[in-house]
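Note sheet for the following structure.
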Amino acid sequence: MKFLLGLITAMLIAGTVSAQHGNSPAGHLSLGIKGGVNVFNIHDDNNTSNDPRIGYNFGLLGHIHIARQIAIQPEIVYSAQGAKYTSGSGTAKYNLDYINVPILFQYMWDNGFRIEAGPQVGFLVSAKSKINDVSTDNKENLKTVDFAASFGASYIHPATGIGIDARYNLGLTNINKTNEVKSTNRGFQVGVFYIFGHKHK
């Protein structure tokens, strides 16, 4: 949590300083908000077949121009993830909620289109399974930190700062504390965002 608070504080300070220094995009930081829909699953190396969990995401972003067509975009996003498993005895739902912090490197075109990729670290907030209406807390069985790679594309309307975003997150580390089964988070995110004071020239 200290890391998250520090990142938020740094983004706010950088945004304030940036606003006081001219209109050049290079070095300029803008803050934004975002939200959308998740389609996540848990991939197990024992060939278990899971169905995706439909969830949501929302959070804050910082957009930092480091050159005319290159930017870095750190984010803090609450993300509802997990999976479902259906058998003859019913459906088991695994609800995993994370605070994800991706650091994306973006290449931008003047028409508003962007491609992006970068690392992500996730902090487990809640982990519950629900089987036949019986809910169980599973947080103690899972690692509290999850590392992933994130890549996708987005479009921002240059004049308004409103945009859409599509992204795939590929989990890189085993989320289980035991090594009997290796499980990784995988999923798509689609959403909208708004960047305050967006500068496109």
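Laid out as a table, the results:
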| quantity | calculated |
| --- | --- |
| Where a residue in region 42-54 is closer than 19 Å to Thr173 by Cα and its partner, wherever it lies, is not in a strand (DSSP E or B), with Cβ under 7 Å and at least six apart | Ile42/Asn50; Asp44/Val181; Asp45/Val181; Asp45/Lys182; Asn46/Val181 |
| Tabulated pairs, region 117-131, first of a type in the set (Val, Ile, Thr), second part of a strand (DSSP E or B), C-beta under 7 angstrom, 6+ apart or interchain | Val121/Val101; Val121/Val145; Val121/Phe147; Val125/Asp97; Val125/Tyr98; Val125/Ile99; Ile131/Gly90; Ile131/Ala92 |
| Residues (crowded, with 18+ Cβ neighbours inside 10 Å and charged (D, E, K, R)) located in region 34-79 | Lys34, Arg53, Glu75 |
| Every residue from region 108-124 that is among the aliphatic types (A, V, I, L, M), within 16 Å of Tyr98 (Cβ to Cβ) and surrounded by fewer than 17 Cβ atoms within 10 Å (Cβ to Cβ) | Val121 |
| Top-ranked residue of region 81-107 - restricted to ones that are small (Gly, Ala, Ser) and surrounded by fewer than 20 Cβ atoms within 10 Å (Cβ to Cβ), ranked as nearest to Asp146 (Cα to Cα) | Ala92 |
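Throughout, read-outs are computed from the coordinates displayed, never taken from laboratory work. Please read these numbers as outputs of a predicted model, since none were measured by experiment. Here Cβ is always computed from backbone atoms with ideal geometry, including for glycine, and neighbour counts include all displayed protein chains.
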